[in-house]
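Here the structure is laid out as structure tokens; the discussion comes afterwards.
The values are calculated or read from the model by the stated rules, or taken from the named source; none is laboratory data. Source: prediction; values computed, not measured. Heads up, the Cβs are rebuilt from the backbone with ideal geometry, glycines too, and the neighbour counts pull from every protein chain shown. These accessible areas exclude ligands, DNA and RNA; they are computed on the full protein's heavy atoms, side chains included. Shrake-Rupley method; radii C 1.70, N 1.55, O 1.52, S 1.80 Å.
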Amino acid sequence: MKRDFLTILDLRSEEVDALLRRASTLKEDFKEGNLKPTLEGKTLGLIFDKPSTRTRVSFEVAMYQLGGRAIFMSSQQTQLSRDEPLRDTALVLSRYIDGLVVRTYEDADLQELARHAQIPVINGLTDLYHPCQVMGDILTIREKKGDLKNLQIAWVGDGNNVAHSWINAAARLPFRLTLACPPGFEPKKEILETAKRLAGERILCGNDPLEAVRNADVVNTDVWTSMGQDEERRMRLTAFKDYQINGDLLRKAKPDAIVLHCLPAHRGEEITDEVMNGPNSAIFDQAENRMHLQRALLDWLLGS
Ligand code: CP
Ligand code: NVA
């Protein structure tokens, strides 16, 4: 039976762990110049409704590295833009391609595509989740910090799609997650409550950045205004002004804490230049790891 990757909760803890291990192995092989064409003859489709640099390129490159091909479709240039139903689109694409990455607004649209597709469907970001991002981020943390157990990962900023995937990850892996979001911008209650049932005290969500970052091993943030929220930008600049990752805040974390940002960043807003370019930043290794993680994911979901 086909498997999808729509949220991290689609995977059991052992599967999350196996995926991370596989990604590490494939990354080592890649660095030694050993790539096995395990997806030769296979085609990955990508339907994107929102802009992308990293997700698109890292998936396309990962697919080529595995011996397959990728076809990118801006949804505006498909018949989806002229109201072809998602169901019909999923049924037709299933006859041509072997897997589909979707980046869109409504998570329900992704779910609808996945329900009708006979091929694996992967979430390349929705308004609700960004699971490939967070799996790549965790690969980075494992490389830099080793065992996840007892690590404290802080999230400062918006309770957005990336934060939601971090909350799901905490339900599957043994780290502690401390979130600080401005009042009114906390993660969705149901996502938090579901994860807390599984992770208990390991997830804490409040409004104080100093509290969240104190003694953290990882300090993590994202833009204040996500794609699709541009009309809220001015209001958000005010609401988030005390939630910047800067040198002062970073000094509250452990001295060897690493800083993560999924990118694209607005330097000078959610994160300063000083921190992004500084010795604690693991942000560009993090971006690279999207490709390694996704190679493992494609190999798993599309491989025979
Ligand atoms: N981090 C991330 O998903 O980047 P893109 O929007 O460039 O794909
Ligand atoms: N939260 C951001 C992530 C971008 C990769 C957005 O949805 O725009």
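Counting only protein heavy atoms and a probe of 1.4 Å, the accessible surface of region 214-287 is 49% carbon and sulfur. Between Gln77 and Met1, the simple label model (points 7 Å from Cα in the Cβ direction) yields a spacing of 3.6 nm.
Annotation: lysines with alpha-carbon distance below 21 angstrom to Lys2 (same-chain offsets under eight excluded): Lys42. Annotation: lysines with alpha-carbon distance below 19 angstrom to Lys145 (same-chain offsets under eight excluded): Lys27, Lys252, Lys254. Once both labels are positioned 7 Å from their Cα atoms along Cα-to-Cβ, the gap between Arg251 and Leu35 label points is 4.5 nm. Derived scalar couplings between HN and Hα for region 203-208 equal 10, 10, 10, x, 10, 9 Hz in order, rounded to whole Hz, by the Karplus curve 6.51 cos²θ - 1.76 cosθ + 1.60 (θ = phi - 60°), x for Gly and Pro. Whole-Hz Karplus values for region 71-77 come out as 10, 8, 10, 6, 4, 4, 9 Hz, taken residue by residue from phi with 6.51 cos²θ - 1.76 cosθ + 1.60 and θ = phi - 60°; glycine and proline positions read x.
Looking at region 82-126, the accessible area is 47 square angstrom per residue; that uses a 1.4 Å probe and ignores ligands, DNA and RNA. Three principal axis extents of region 114-247 based on alpha-carbon atoms, in descending order, are 46, 39, 28 Å. For region 8-132, the orientation-averaged shadow of the C-alpha convex hull comes to 7.9 nm² (one quarter of the hull surface).
The alpha-carbon of Lys196 sits under 17 angstrom from the alpha-carbons of these aspartates and glutamates, leaving out residues fewer than 8 places away in its chain: Asp10, Glu186.
Computed in the context of the full set of protein chains, the accessible area of region 91-213 at 1.4 Å probe radius has 48% of its extent on carbon or sulfur. The GNM of the chain, with springs linking C-alpha atoms under 10 angstrom apart, assigns the highest mean-square fluctuation among Leu260, Leu44, Leu93 to Leu93.
Among Ser52, Ser226, Ser81, determine the one that fluctuates most according to a GNM of the chain built with springs between C-alpha atoms less than 10 Å apart. Per the Cα network of the chain with a 10 Å cutoff, Ser81 tops the list. P(r) of the chain in 10 Å steps, Cα pairs, percent per bin? With a bin width of 10 Å, the distribution comes to 6, 28, 35, 23, 7, 0.
Selection among Ala163, Gly184, Gly146 by position relative to the dipole of the chain gives Gly146 as farthest towards the positive end (Cβ unit charges, Cα centre). Using Cα springs under 10 Å in a Gaussian network model of the chain, which residue among Met291, Met73, Met235 shows the largest mean-square fluctuation? It is Met235. Couplings for region 151-168, taken from phi via the Karplus curve 6.51 cos²θ - 1.76 cosθ + 1.60 with θ = phi - 60°, read 6, 10, 10, 9, 10, 10, x, 7, x, 9, 4, 5, 4, 4, 5, 5, 5, 4 Hz in order; Gly and Pro are left as x. Each Lys and Arg adds +1 at its Cβ and each Asp and Glu adds -1 at its Cβ; summed about the Cα centre, region 48-116 shows a dipole of about 280 debye.
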